[in-house]
Amino acid sequence: MIDQTQPGHLGVGPITSQFPDWYQAGPNEKAGLGFYDDEMIFNMNGLKYTYANNGTTFANASNAPGIGGPVGTVDPNVSYTPATNLTWLVTTINGNKYITISNNGFISYYLGVSQYQILSLTEDEMWLRCLDKSNAGNAWYLKLIRKGYVRPVVPPVQKPMQAADLSDDFQTTSNITWTAENMDFIRSYDNPSKFPLNTSAKVGYYEKRTGDDGQYGNLNVTLPYRFDLTTKNKIRMKVFIPSGNDFTKVKPTVSVKLQNSLLGGNAWQTQIEIVKTILPSQYNTWIQLEFDYSGSSAQTLYDKIVVQLGGEGHPHPGIFFIDDFEFK
């Protein structure tokens, strides 16, 4: 059955990745959509496969017409009677194991495909990756669990609380090790405009990628402690927004988010985000920004900082520069 209580039991990411970088469903997020009552029975006797969907199937919006569903933009719950002459087979291709369902059969969420890469498999759990018939750039992920299996509850280990003391001038040694996620970053890049407010020789180069894999690109860092926002609660940085960007497509925005890394791909669900919009009169010049989290000083969840320029949820490129980041 679908492992409905676990984050990422349904997810999607770029075809170039092996992880649902774009989206992971939260626990029980798809309740009431004909998804969680599905049973997938893999019989060793003749390798028979039975898909018991209790009358309805949760389908991907782009592919839903393939099983008689509507054309639309929202994933529908489709009345569907599965075939009864299905079989399953595991094969190895280029060192990877795949499970294939015969006669256009599928596993629970309909994507128009019948072959699934087995990312991990135990007697209790199975994690699968598959393609998307209607969207060649997408890879989807399903987590399944043996019917009746109850996963042991392991409480997360909380990190200690600490006031942040972080800074990066992008040219000397820093106590921040940035991770560039689906974007292009050069830590020490020639300053494009060495005039006041910023005469530094080197700055950070931030390029938002073109295409689906860059939609949620960002620069981030996860710390070994949770931020004590009662003591330090302001993040400051300088930004330079070139006017050569196409602002009809990319956004002239700077976003800083505080997240709880223990939530993995669902960290966005409890994040605090502050977004600054840069005015046309501020293009081509360095400006100082402050992101004030004092209104959230009672929060004790956060150990991760995400910096995102150019907006998110769109495939358009942009080039930006940052400098003198500090959280202290």
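Throughout, read-outs are computed from the coordinates displayed, never taken from laboratory work. Nothing here was measured: the structure is a model prediction, and the numbers come from that model. We place every Cβ from the backbone using ideal geometry, glycine too, and count neighbours over all the protein chains shown.
Could I get the Rg over Rh figure for segment 234-302? Both from C-alpha atoms, Rh via Kirkwood, rounded to two places.
Here Rg/Rh amounts to 1.05.
Taking the alpha-carbon set of the chain, what are its Rg and Dmax in Å?
Gyration radius and largest Cα-Cα distance of the chain: 23.4, 76 Å.
Placing unit charges on C-beta atoms (Lys and Arg positive, Asp and Glu negative, everything else neutral), compute the dipole magnitude of the chain about its Cα centre in debye, rounded to 20.
60
Once label points are set 7 Å from the Cα along Cα→Cβ at both Q282 and Q158, what is their separation, rounded to one decimal in nm?
Output for this residue pair reads 3.6 nm.
Putting +1 on Lys and Arg Cβ atoms and -1 on Asp and Glu Cβ atoms, find which of S102, T122, A163 reaches farthest to the positive end of the dipole of segment 98-181.
So the residue we want is S102.
Run a plain Debye calculation on segment 156-231 (Cα atoms as equal point scatterers, no solvent) and give log10 I(q)/I(0) at q = 0.11 Å⁻¹, rounded to two decimals, same order as the q list.
For segment 156-231 at q = 0.11 Å⁻¹, log10 I(q)/I(0) is -0.42.
Name the trypsin sites (Lys or Arg not before Pro) in segment 174-232 that are in a loop by DSSP and that have at most 13 other C-beta atoms within 10 Å, would you?
Passing both the DSSP loop test and the Cβ count: K194.
Quick one: dipole size for segment 179-328, taken about the Cα centre, charges +1 on Lys/Arg Cβ and -1 on Asp/Glu Cβ, in debye to the nearest 20.
With only Lys, Arg, Asp and Glu charged at Cβ, the dipole is about 280 debye.
Mean 1/r over all different Cα pairs, inverted: what Kirkwood radius does segment 132-261 give, in Å?
18.8
Segment 38-96: D in µm²/s via Stokes-Einstein (Kirkwood Rh, Cα pairs, 20 °C, 1.002 mPa s)?
Once the numbers are plugged in, D ends up at 162 µm²/s.
Listed highest first by mean packing, meaning other Cβ atoms within 10 Å per residue, what order do 281-289, 248-256 come in?
Top to bottom by mean Cβ count within 10 Å: 248-256, 281-289.
By average Cβ neighbour count within 10 Å, what is the ranking of 53-65, 144-156, 290-302, 11-23 from highest down?
Taking the mean over residues of other Cβ atoms within 10 Å, the ranking is 53-65, 11-23, 290-302, 144-156.
Give the share of C-alpha pairs in each 10 angstrom bin for segment 289-328, from 0 to the last occupied bin, in whole percents, shortest bins first.
17, 44, 32, 7
Could you point to the residue in P315, T222, S294 farthest towards the positive end of segment 211-326's charge dipole, with +1 and -1 charges on the Cβ of Lys/Arg and Asp/Glu respectively?
S294
Could you work out the relative contact order of the chain, using alpha carbon pairs under 8 angstrom and six or more residues apart, expressed as a whole percent?
Normalised by residue count, the contact order of the chain is 16 percent.
For segment 1-154, what is the per residue volume of the convex hull drawn over the alpha-carbon atoms, in cubic angstrom?
Taking only Cα atoms, segment 1-154 has a hull volume of 123 Å³ per residue.
How large is the charge dipole for segment 1-125, taken about the Cα centre, if only the Cβ atoms of Lys, Arg (+1) and Asp, Glu (-1) carry charge, to the nearest 20 debye?
400
What do you get for GluC sites (Glu not before Pro) in segment 96-186 restricted to DSSP loop and a cutoff of at most 13 other Cβ within 10 Å of the site's Cβ?
E123
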